[in-house]
Every structure is written in C-alpha cells, then in structure tokens.
1. Count, for each residue of A:108-117, the Cβ atoms from other chains sitting within 10 Å of its Cβ, then give me the mean as a whole number.
2. Relative contact order (percent) for segment B:44-190, with alpha-carbon contacts under 8 angstrom and 6 or more residues of separation?
3. So if we plug the beta-carbon distance of B:VAL414 and A:LYS334 into 1/(1 + (r/R0)^6) with R0 = 41 Å, what FRET efficiency do we get, rounded to 0.05?
4. Evaluate peptide A:143-151: per residue, the Cβ atoms of other protein chains within 10 Å of its Cβ; return the mean as an integer.
5. What does the charge count near B:GLY192 come to, summing +1 for each Lys or Arg and -1 for each Asp or Glu among other residues with Cβ under 15 Å from its Cβ?
6. Taking 1 over the mean of 1/r across every pair of different Cα atoms in the protein assembly as shown, what Kirkwood radius in Å do you get?
7. Determine the percent antiparallel among the DSSP beta bridges restricted to the protein assembly as shown, to the nearest 5.
8. Could you calculate the contour length gain from B:VAL453 to B:LYS189, that is, 0.36 nm times the residue separation minus the distance between their Cα atoms, to one decimal place in nm?
Amino acid sequence: MAIDEKMLEQILNKYPAKVKRNRKKHIVIRDIEKGAQEIEANTRTIPGIITNRGCAFAGCKGVVVGPLKDMVHIVHGPVGCAYYSWGTRRNKAKSENPKENFLNYCFSTDMQESDIVFGGEKKLAKMIDEVVEIFHPKAISVSATCPVGLIGDDLVAVAKAAEKRHGIQVLAFNCEGYKGVSQSAGHHIANNILMEKVIGAGNLEEAPSKYSINILGEYNIGGDSWEIERVLKDIGYHVVTVMTGDGSYEELKNAHIAELNLVQCHRSINYIAEMLEIKYGTPWLKVNFIGIENTIKSLRNMAQYFGDPELIQKTEEVIARETARIEPVMAQYKKICEGKTAFCFVGGSRGHHYQGLFAELGVETILAGYEFAHRDDYEGRDIIPEIKSDADSKNIPDLHVTPDQRRYRLKISDEKMAELKKRIPLGNYKGMISDMKDGHVIVDDLNHFETEEFIKILKPDIFASGIKDKYVVQKMGIPSKQLHSYDYSGPYAGFNGAVKFAEDISMAFTSPTWNFITPPWKNKPLLDGKIVDEEAS
Amino acid sequence: MLDSTSKQIVKRSGGVINPAKTCQPIGAMYAALGIHKCLPHSHGSQGCCSYHRMHLTRHFRDPIMASTSSFTEGASVFGGVANLKTAIKNVFTIYDPDIMAIHTTCLSETIGDDIPSIIKSAEIPEGKLVIHANTPSYVGSHVTGFSNMVKGMITYLAEVDVEEKKQQVNVIPGFVNPGDMREIKRIVKIMGIDSIVLPDTSGVLDAPMTGEYTMYPRGGTKIEEIKDSGNSLVTLALGSFASSDAAKELKRKCNVPEVSLKTPIGVKATDELIMSLIKKFNKEVPYELEEERGQLVDIMTDTHFHFHGKTVAIFGDPDIVIALTEYILSLGMIPVHVLTGTPGGAFEKEIKAMLLEAGIRANVKAAGDLMELHQLIKNKPVDLLIGNTYGKYIARAEDLPFVRIGFPILDRSVHSYLPVVGYKGAMRIIEMISNALLERADRDAADEDFELVM
C-alpha cells in the first residue's frame, strides 16, 4: 500500500490547524519527477506533541562527550540527568589499564534546593576536587543541566579555577537542556569545545605510520567501531582516534595528525570534520559502514583517496575474503527477509545508513526519517547555503577556526582533490532523500500520532526505531528493532555486523511467539456443528 | 570492574557518585500512568520527558506515553505559560485522554511557573480534567515525585458526597510494580472488602498482547474511583515515603482516617496489612489466605538452612528497603549494610529500631550513593547483595550473589508482572534468594562436594 498527498492530508486533518501547517512541512512523499524536494527540519517541536526527541544535554554529554573513557564526566545539576545518561547508550570501551576507564561510573553534583537558591558553583568545585583526589583522571568534563543556566552558575570560571588548582584540563559544556530544539544543539556545543580545547593539544607532529585516519561520528554502540577497526587495520590503516566510541582524551589530543577523517554520523560531528579541514588541511570523507555494499564502497573510496596501488590491492583482497566468507550466510537470511518492508526512524544518520543493509536482505524501507537532523542530512550539503538560521539555532555559537600556522598542511593537491570530489564523497554528504524511491515517505521528527497512522496505512513488516516506540509497535503485532541500542545486540557495522543484523532481523520475523497473539477460541467457532443445526431449525 | 573504587572511604560532599536515586518527575510520570485514560505531561525541556519514558520503558517493557512542553531558550527566559497552554490544547485534540497529569521539572520550578493559574486559563474541553503536582528535581527523589503526584490526585479529585463513610478501603500501594498492585488488590478482594487502589498501574504497564495497540489500556484507577476515595472508611498507606502524604491529604480534605503501614513485603508486613483490614472491616480471614500464609511459613522453615545467618547488603527505595530488611530479619539473615539514595531521617530511624530489636549492628544510610555502598562492602564483605539493576557492577566487582528487587530493573524481564508483596511475593523472594545462594554454592563447590540434593 502506498500513500499519496490526499491520504497524507487526511492524516494531518486530525491536528489543530497550526499543528497541521507545521507538520506538513516535515513530511515529504518522494517524487523523483519533482527533482529536489524540500523538507523542514531542525525546528521546534510543538508543545504537547509526543516526540521522540531529547535535549541538548543528551546530545552533548550523552552522545559526543560521554564516551571518552579516560575522562571523568561530571554532570552539574539535580541527579536525574546524570542518572539517565549512565550506562544506557551502549557505547562500549575497554582500556589496558582499567583504572583509566570511568564509563561505569556516574558523577552528579546532585544539586539541592539550597544550591538552586544560593548557586551551585562551590559544590561543583568541591566535586571536581574530590574526583581528582579519588580518581586521578587525565581530564574532566563538566556538563550543565537546565537550572544551571537559569541560576547563572559560571561553569567556565569554575572549570578554569579547577584547571589551575589541579593542572589538568577541565572542560565546561554549557549544554543546558533547553538550548536549541533537540539533541543536535548539544552535538554542536560538544564539537566546539573539543575542537577548541582538546584536538591539537597533543605533541605529535606527524602520523606514526602511513594511512593514518580518524573515525568521526562513530560511537561504538554494541562494538561497531571494533568491527570497523578490525577491517581497517587488516587493510593497513592506522586509526589515530575514534570520535568518540571507545575514544580517549589522550588520543583525541592528537587527532590533528591524521591524513584523512572519516565521517560516519554526519549530523553529530560534521562541525569538527569541517574545522579539521580548515585548521589542519585534513579532508573528510563521508563513509557508511552499515551494510556490505556500503562498507565496500567506503573502503574503496578510502583507497582511492590515498591512491596507493598496494593499498588498493589490499583493500580488494580483504573485501574478497570477507564477502566470500559472509555472502553464503547472508543468502540464507535473505530467504527469510526477502519481500518485506520496513520503517526506519532513527537519530541523525542511521535512518539513512540502515536502508542499504535492509535492501541487501530484500527489505524495502518505505518510510524513513530522523529525530534531530538538519535539512542537509535529508537534502544533501549543497543545501547548506540556503538554510535560514532561526532564533533557536542562533543561540548555539559557531566556532570559527583559521589555518594553524605551524600544522596546516595540504594532504593532497587541489587538483587531486577536485578530481577526487567528482568520484567520491570527499567533503560531501548527499543526504537521505536522494536514496529513497518514488512514493516512499520521509518524515522529520516523527511523533506518536503519525507513527500509529502511517503504520495503519503502510503496514510495515518491521519498524526500526528506539525504545520509546518499540513496544507500541510490538503491541500491534509488528516486530520492532531498536536501532539506537540494537536491542542489546550488535555489532551491526561492517561485515560481521551485517551478519549479526541479518540474524537478529530474521529472528524478529521467525520468532514463533508472534503466532500466539490470537487465542484459539477467537479464531474459529467452538461448536460449529450446533450452529448449523440451529440455523436449520 | 569499578577498579577505581578503593577500600579507603574518603568523605565527600560535592555530590553523588553512582547514585541510588533519581529525580522526582519520573516518579510522578509513573504514578500518573496509574490513572485510567491519563496522559502524564512533563512541563520542561524535551529531554526530561524522553529520559523518563526511556527509563520506565526499559523497566516495564511496555509503552510509556507522556507528552512534554518542549521548552526552548525563549520559554526558559519568559516562562512556560504559552508552552503549557499550547500543550494542553494539542494533547486533548490529538491524543484524547480523559485526564492530563502535569508534573514540573527543575527547569520550570526554577523559573517559577505557576501551574494552577496556567491550568485555570487554559482551554480544556468539556468533561476533561487537568491536574498537577510540583516535582522539583532538586528535592527528594523519584519516590518523592511519586508521592507528590498521588497527593495531587487527591487534592484535585477526591470528594465527599455521602454522609456515612462507605464500607470500602483506599489502598495507596506506593512505588511498586503493576504485579504488586495486582496482588494487593487480590488480597483485599479475597478478604471480601471493596477497595480503591490508587494509583494502579496494573492493566496499564503489564497490558496484554492482543495484536492491537491502544494508547489507554483497560487498567488504571478510574477518575470516578479517585473521586469516591473521599467516601471510604479508611486509607491504608503502604510505605510512608511514597504513600503517606496522599493518605494525610485524604484525611485533611475528606476526613478519611489514615493507617500507615509498611510496603507488604514479607510475612510480618503482610500480616499487618491483613490485621488492619480485619480490624477496620470486622472480617474473617478466608482459608485461602491462611493457606497461603501457611505455605509461606512452611517454605521459610523447610529451607531456612539455605539462608540463615547469611550476611546481606540491601539498597533501593526507602519503603521497599525498610520492608525488605524486616523480612530478611524474619528469615534469620543478617543485614550488614542498608542504604537508600532518597534522603530522609525516618528511614534510618525505622531500620535502626528493627536492628536494635534483633540485636544486630549494621551500617544504615539515607541519602547515600552506590560508591559508598561499594566501599562499605569492601570494608565489611557480605554473602549477598539485594537491590536494583545498578547493583550489578558491585556484584561483579566483589563477586557477590545478587538478587534484583526494586526499581529500576533494566537487565532482567518478567519482574514487573510478578509480585514481591503479599505471601506469594514473599515465597518468590525466598526462591530468588535461595537460588542465588545455592547457585553460588554449586559454582564454588569442589567436585567431591558437589551435591545432588541441597
């Protein structure tokens, strides 16, 4: 069943007029004949709408900063914000020295009423002192929660004073939850501070080996980054740092030495990618390690960038070896999944990335969207000059960097760059919409009401989203796959990840548990013989 | 695991490390879900609502519906009046609940939004209701938030419209699972007494799979029942931290006498619940219940050598921990560390009184955190740890058998369907404790000591 503009209108008619006008702009039915289609994104969610979105704090501490394992991350505020971002995202990390991995700890200043009234700066300073004394971290982050901004606690000043006392970096993130319109504001705030204070603080001037790269916007959910690194290392790449899955402050300081930056999640980290290019001359390449074809394409594009025949050959060898190993397994799973349809609504990249992997299993993504993306994530980066900034986005400062006089170095010549840009997504992301087929639906900031309505009409076989709508969908008898936490499975990235995903999706389709939803007494009349008799009489 | 936690305890005052509590609004959201056809509403930033829905969903593995005022920087500066009015209008038009239960957040509390006056000036459709509770995150804990929302239900809804109190009991079950609320209702029903249990998340957060999703499942306390609670003969507040304020409000507003009891975990607390019912309603205890009690005591005595004399660390929410400690003592086990993250002197006082009676000395701590609990255990090791999911880090670090009871449990399932309250719940707790200890004995036994019968 497809959806057309008329049906869409009918769905939206349930909304009050203002809401209808607003939501209409966030929904696009793909029409290739129309060419470029515009979608509204990164604007306010209307109060009262049951949205999946979170806040700037979640995007900053929860997503970008929190995974840095060798830092202590203090949350300044009442206890909740620290509590909910403790161990819930599945950004895995391991350290040779377990005393340099603090991810199983949760630090909150636990502000009380008196702190709100009289200010919480002293308590925060105390917390920093205690953390240094007990944990001896290499650096500390301090993230602000909503009331902190309102009462005027000066995080930057407290952090600065603490740096003086303890001789380690203390980073202040003013990521109060009310800033911006979603997690996206927090990504931006985190990017700015990490770029300004951490990246480039290391002493290394040159990469220790050939083919040194950073992986940006990869958070090692369920071990994704480990699978990607396995393949990259096998080919001969040296990974300087991962931002920020299994990432470390120590490695991040030397991110400036890489020859190429890979961008996995465009939304959360494109700011740093761009700034690294301006400041150090390191280009970035949009990659997608979700799905076999996309992984292969990304590996080939990387090899093209370096242009070394030996690297290209090794890349092909690894691809051949990996595909030979997993293709027969994938074929088995494809038999189960073939012909099915999916909704794919995730944060800021996975809503796009997983469509390829679904397609490899014969599953067509008929509706997709992002929770907190901007227009460029849908329409491609070419649209950026046209995006008007509004009051909410203006509140998030842009960090402007300039070329580093000592360290700026062109990694490849301008001519080579121009030539490569024609072939590979170097410094570019073309967005989700161009990959979607005619008639398919793109929804920004999908909400509960629309979820129900679209499911009724389009009847997908699987719904890929998060924990908040998972059980809503499953109550309808439709399997739902969490693509934020992978339902505690994974990795899903790279070659082994594709197999794991295929296995999990097949399990969702074939679980016998779905067969018991209707009790037998509701399926058929229990005493059909008698009914005939009664009718006869 | 937790390798940076040392045995040496350094006194801290800068905040909490590995908290044993969370903030008020999540408790208010949970309580509001226990009203039939109610949509909880979070007046603050989107992140609060999102975090609370996520955490509750992980615990219950069922849909948690709630809306938000979606504050932006502008709302934070100028106040959230417009946001809340818009939200109220949209919620009733789009999601059509019978009642909206608003709770505040640290943001709207710091701003000082006056919720009652916003509600008064909002467009509320005929026949629909909006109630509220102030739940500043910087006071108390999630248990306080639960308590405040239940009190709010009474303040807004409870009425007296009969001269003589009806032969019915109000039961405020406290911050427990739908499986527990179901069990409490069953016990009162077997006693032949009409009851109003509020809030009641059974049938909402343990709703059956039918192949059809409904935003408002069959369960939950009906608005009519909450109104009628003012006519009841007595209110039983189970767990003083979560339930007493609402019971006191019923006394104040509707002159319904209040009896404050423990959460009915274990034989003694369940006996007290039943004794209170007998006293107020002049009822005989039916054989069915007496049989259950007898079964429980049979199990307690038959298996006492599985757990007697074992030392225990218990942490969690105050009402649950108080009752659990009492039950642990009834089993002949020895509490060594007892901790809650929720502040409150009453917790320490009540636990200490129990320990004194039992002649046991233990570390008892309110407003504590799990870093402290871990260090206490390092200094005085125990045989068993009981608490919510967050205890698993300590259990692994110290290689302790671990029984999960309380909120939240994020890494195991089915717990929200089955009770820990009542005689049946007490049996279940013995099963969990015995199994944890016996599994450990099996794991650690040398081949020649590995027993078939235990």
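Quick note: the coordinates plus some simple rules give every number you see, no bench work behind them. This one's a predicted model, so the numbers in the text were calculated from it and none came from an experiment. Every residue, glycine as well, gets a Cβ built from its backbone with ideal geometry; the counts of neighbours run over all protein chains shown.
1. Details: counts 9, 3, 12, 4, 7, 5, 1, 2, 7, 2.
Mean partner-chain Cβ count within 10 Å for A:108-117: 5.
2. Details: 133 pairs, mean separation 26.7, N = 147.
Relative contact order, segment B:44-190: 18 percent.
3. Calculated transfer efficiency: 0.75.
4. Per-residue shielding by partner chains comes out at 5.
5. Values: positive: B:LYS166, B:LYS185, B:ARG186, B:LYS189, B:LYS279, B:LYS280, B:LYS283; negative: B:ASP194, B:GLU284, B:GLU288, B:GLU290.
Spelling it out: positives minus negatives among the neighbours equals +3.
6. Working: mean 1/r = 0.0335 Å⁻¹.
After inverting the pairwise mean of 1/r, the radius is 29.8 Å.
7. Working: 9 of 91 bridges.
That works out to approximately 10 percent antiparallel.
8. Numbers: separation 264, 0.36 × 264 = 95.04 nm, distance 3.91 nm.
Separation in residues times 0.36 nm, less the Cα-Cα distance, equals 91.1 nm.
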